[in-house]
Amino acid sequence: MAAELSAHHRRLAQQKREAITSAATELFLERGYDGTSLARIAEAAGVSKSTLFKQFPTKAALFEAIVAESWQRDADDAMAQPPAGDLRSGLTTIGHSYAGLVGRPGMTALFRIVIAELPRFPELGRMQFQLGKLPYFASVQRYLESEHEAGNAEVPDAVSAANQFLGMIANYVLWPRMLLSDWNPEASDVDYAVEEAVRTILARYTPAQSPASKNLK
């Protein structure tokens, strides 16, 4: 019985946390970081101020949680390294996962909040980079390094290669959405963007004598 009550309380706490982060994201986007108070967030989430303060004692802590959860919601699978030995397949898996992650409307909203408030609150940008983008980027870097060490790719600079690959995808999937409210490419167009990014990386980093290099000709 005690275990059931404990599980019930955890579910309630999680539901309240989700309500708080959802309400906070909407209010931050509508009113800005500085123009949104914790009291207003509590009201919009339908929770007491004490409940909110128990989970998030400061507005910065709440925003930090939003950033981390936005990236981690789909990133656990996305950051899992594909099996070694097939660079094309691995890059394709990573590329589609990344496109799905940064293409979510919630991710666009988060970037807009950070960019709008960056001059007054530079720490928001550091949160976005250190809690979100950097861990994801590091996972792609590690994958490329492991393929290089195994002889499946020639990637002497995995940092540059990861930047190139993710940048090609974000440049089509994410950044136009930041400025164009009607930017909503078809799934087939996103697939094509990922495929072209994969082909570009393969052309640059596939070992000359590998079977994959012959398929690029």
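We did not get these values from a lab; they are worked out from the coordinates using the rules stated. Computed from a prediction, not measured in an experiment: that's the story for all the values here. Please note: Cβ atoms are built from the backbone with ideal geometry, for glycine as well, and neighbour counts cover all protein chains shown.
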The alpha-carbon pair-distance distribution computed for region 30-159, with 10 angstrom bins and whole-percent values, is 11, 34, 28, 16, 9, 2
For a quick protection proxy, order the peptides 194-203, 61-70 by their average other-Cβ count within 10 Å, most packed first. 61-70, 194-203
Can you give the direction-averaged projected area of the convex hull of the alpha-carbon atoms in the chain, in nm²? 15.1
